[in-house]
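Enquirer: Next up is a structure, given as structure tokens.
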């Protein structure tokens, strides 16, 4: 990592670093979904990744980039989602604590997931201010290193390893590579990797119409806040990170959105046709393809399934 | 095929025959499920097979074994499940009709699946007599060949190709190979393949406690009827086939059962830990392992996931 950016060399180094701890996930296709979409789609199955999401990549890379004396004091984050579970798993390999700040109203299933991986949870009020002050006090007390969920070069480099694998797994090169965008770590990392290795492949961000701050930021050229996000794709309600936005401006060709009806339809298609559980956030790439058929007709399209963590007692339909 | 039995040579020939039409499905594992089960499990993912079930193997082999003049007149079966969809798909490769007799009260999702693969449905009353007489009349009128769902050597040889692949995909050899048993085609075919190639591997049938005719038949040495089956594993409510029973007697080491609570628990474990959709019938192998922990403790266990066709609007829990 050279300063506050991410390069293909950072992503290659991350891949070597995390290889013993994460899965090289498979790429799968479905004849029936291809027929429905009118193009050839190659799905990178990060729903089959450790902790059920690509977040395992960034969390492991960030933990492995810490100096030994830092690592010994543990790591910390505020997150109620996949990053918290991923950080807890990463810390567990080195027998150091992972302190997770969670809002007191976090769903029981998410609390259980973080605990299952050994995370030490500190509950706080459900406000951004409470989360930040609780995390700050916790880091000051314990000396733990804060590992943010997406706006950090080591995290972005780790997420980019998904695309590094993907371009090796598809031959010939795809015309498009699509990744969902919430905080932007996955899209930024994948865009850096893809553009370095396959300059002719167009990189597209896929965003829910109900949380389209990245699309608005990309199109106006100015970082735009996430205002009252409203989408079934709960993993993509977060605001776009600043470093992520700069990398996306440099390496991404376009950001397209899909509405919740299309996201639900895409999620159900994957469940029924591919027998794979993806969370709605993971199906936004397919939803974008199905919502913009002319753009992708007859093309080879690589799509990242970001994760598969769904509460199967509360399905999103 | 030599007479009314199935040999490893039949299964090898079937594998060559069907290779262009079916998937070589992956074998997957889950560290979390292994920890819960106390053994190392290798899941053969036939839920990722064409039409979402191993039935694609037997149906394609049976169709490909027909003489050209027979094939030209089409194929027929009575089934409301995966075999009907598989037969429709197999027939579609050769542009010949697949006549499917279904009870008039068959679930809409199953009717739609058969239609999606091009099957021509004839509805009949929901009795065994009506199904048989309707099928007989249909075959007489069209000249189509009846392809039964399990009690047929070509079908059994096709299903056995799942184990042929599985033993190549696991090294060293597993201590156990477990397949669910309903009509018995999958278990019989897998047992023939496994015993020929890995004589030291114990072959176990997995059956719902609420439909345990195969276990009763195996233990008494006499074919027993399926009386009022009552289980969530709807694919395993069928009666054990006669040829299947003879092959199971020769090549299977034991049949174990699991109750519906264990089957549901196993199904949910696969969904949540592996992000794979399996139908309850497919999870009976894992349910048996979890229900008999001493028997499998510390062992290497291969389990066939038979299929993933679930109505996602009517989950089994």
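Enquirer: According to a simple spin-label model (label point 7 Å from Cα along Cα-to-Cβ), what is the distance in nm between residue A:112 and residue B:299?
Expert: Spacing of the two 7 Å Cα→Cβ label points: 2.9 nm.
Enquirer: What's the center-to-center distance, using Cα atoms, between region B:23-75 and region A:36-111 in Å?
Expert: 33 Å
Enquirer: Rounding to the nearest 10 and keeping the result within 0 to 90°, find how far the Cα-based axis of helix A:8-18 lies from the longest principal axis of chain A.
Expert: Around 60 degrees separate the two axes.
Enquirer: Same structure, new question: Please report Rg (one decimal) and Dmax (integer) in Å for the Cα set of region B:193-317.
Expert: Rg then Dmax for region B:193-317, in Å: 14.6, 43.
Enquirer: If you don't mind, there's one more thing I want to ask. For region A:100-170, divide the Cα radius of gyration by the Kirkwood radius and give the resulting Rg/Rh value with two decimals.
Expert: Details: Rg = 15.6 Å, Rh = 14.3 Å.
In region A:100-170, Rg relative to Rh is 1.09.
Enquirer: So, one more: May I ask you to order A:173-182, A:102-111 by the average number of other C-beta atoms within 10 Å around their residues, highest value first?
Expert: Numbers: A:173-182: 27.2, A:102-111: 15.4.
Ranked by mean Cβ neighbours within 10 Å, highest first: A:173-182, A:102-111.
Enquirer: Once the Cα gyration tensor of region A:1-61 is found, what semi-axes does its equivalent ellipsoid get, as square roots of 5 times the eigenvalues, in whole Å, sorted largest first? Each step should come with its number before you reach the end.
Expert: Values: eigenvalues 168, 45, 16 Å².
Values for region A:1-61, descending: 29, 15, 9 Å.
Enquirer: Is the shape of the protein assembly as shown best called rounded, prolate or oblate, per the rule: a/c under 1.5 gives rounded, else a/b larger than b/c gives prolate, else oblate, with a ≥ b ≥ c the square roots of the Cα gyration tensor eigenvalues? Before the final figure, lay out the partial values.
Expert: Numbers: a/c = 2.21, a/b = 1.71, b/c = 1.30.
The shape class here is prolate.
Enquirer: Within 10 Å of each Cβ of A:274-286, how many other protein chain Cβ atoms are there on average?
Expert: 3
Enquirer: Could I ask something else about it? Put the label 7 Å from Cα along Cα→Cβ for residue B:8; what are its distances to the other copies, in nanometres, shortest first?
Expert: Label point to label point, same position, other copies: 4.9 nm.
Enquirer: In addition: Could you tell me the distance between the Cα centroids of region B:115-194 and region A:216-283, to the nearest Å?
Expert: Cα centroid of region B:115-194 versus Cα centroid of region A:216-283: 43 Å apart.
Enquirer: For region A:56-146, just say rounded, prolate or oblate: build the C-alpha gyration tensor, square-root its eigenvalues into a ≥ b ≥ c, call rounded for a/c under 1.5, and beyond that prolate if a/b exceeds b/c, oblate if not. Don't skip to the answer; put the middle values down first.
Expert: On the way: a/c = 2.05, a/b = 1.30, b/c = 1.57.
Since a/c reaches 1.5 but b/c is at least a/b, the shape of region A:56-146 is classed as oblate.
Enquirer: A further question on this structure: Defining a contact as two alpha carbons under 8 Å apart and six or more residues distant in sequence, what relative contact order in percent does chain B show?
Expert: Relative contact order of chain B: 22 percent.
Enquirer: Using 0.36 nm per residue of separation minus the Cα-Cα distance, give me the extension gain between residue A:4 and residue A:242 in nm, one decimal. Can you show the working numbers first?
Expert: Details: separation 238, 0.36 × 238 = 85.68 nm, distance 1.08 nm.
Additional length available on full extension: 84.6 nm.
Enquirer: With the label 7 angstrom out along Cα to Cβ, how close does residue B:116 come to the same site in each of the other copies, in nm, nearest first?
Expert: Listed shortest first, these distances are 2.8 nm.
Enquirer: Can you pull the Rg over Rh of chain A, Cα-only, Kirkwood?
Expert: Rg/Rh: 0.95.
Enquirer: Return the calculated 222 nm mean residue ellipticity for chain A, to the nearest 500 deg cm²/dmol, obtained by summing -39500 (n - 2.57) across DSSP H runs with n ≥ 4 and dividing by the residue count. Let's see the in-between values first.
Expert: On the way: 14 runs with 138 residues, N = 317.
Result for chain A: -12500 deg cm²/dmol, rounded to the nearest 500.
Enquirer: At residue B:292 and residue A:228, where each label point lies 7 Å from the Cα along Cα→Cβ, what is the point-to-point distance in nanometres?
Expert: A separation of 6.0 nm, rounded to one decimal place.
Enquirer: List, shortest first and in nm to one decimal, how far the label point of residue A:137 (7 Å from Cα along Cα→Cβ) is from its counterparts in the other copies.
Expert: In ascending order, 8.0 nm.
Enquirer: Return one number: the angle in degrees, 0 to 90 and rounded to the nearest 10, between the long axis of the Cα atoms of helix B:82-92 and the longest principal axis of the Cα atoms of chain B.
Expert: Tilt relative to chain B: about 50 degrees.
Enquirer: If one takes the longest principal axis of the Cα atoms in chain A, at what angle in degrees, from 0 to 90 and to the nearest 10, does the Cα axis of helix A:260-269 lie?
Expert: The helix A:260-269 is inclined about 80 degrees to chain A.
Only the coordinates and a few stated rules stand behind these numbers; no lab work does. Values in this document were obtained by computation on a predicted structure and should not be read as measured data. Virtual Cβ from ideal backbone geometry, glycine too; neighbours counted across all protein chains shown.
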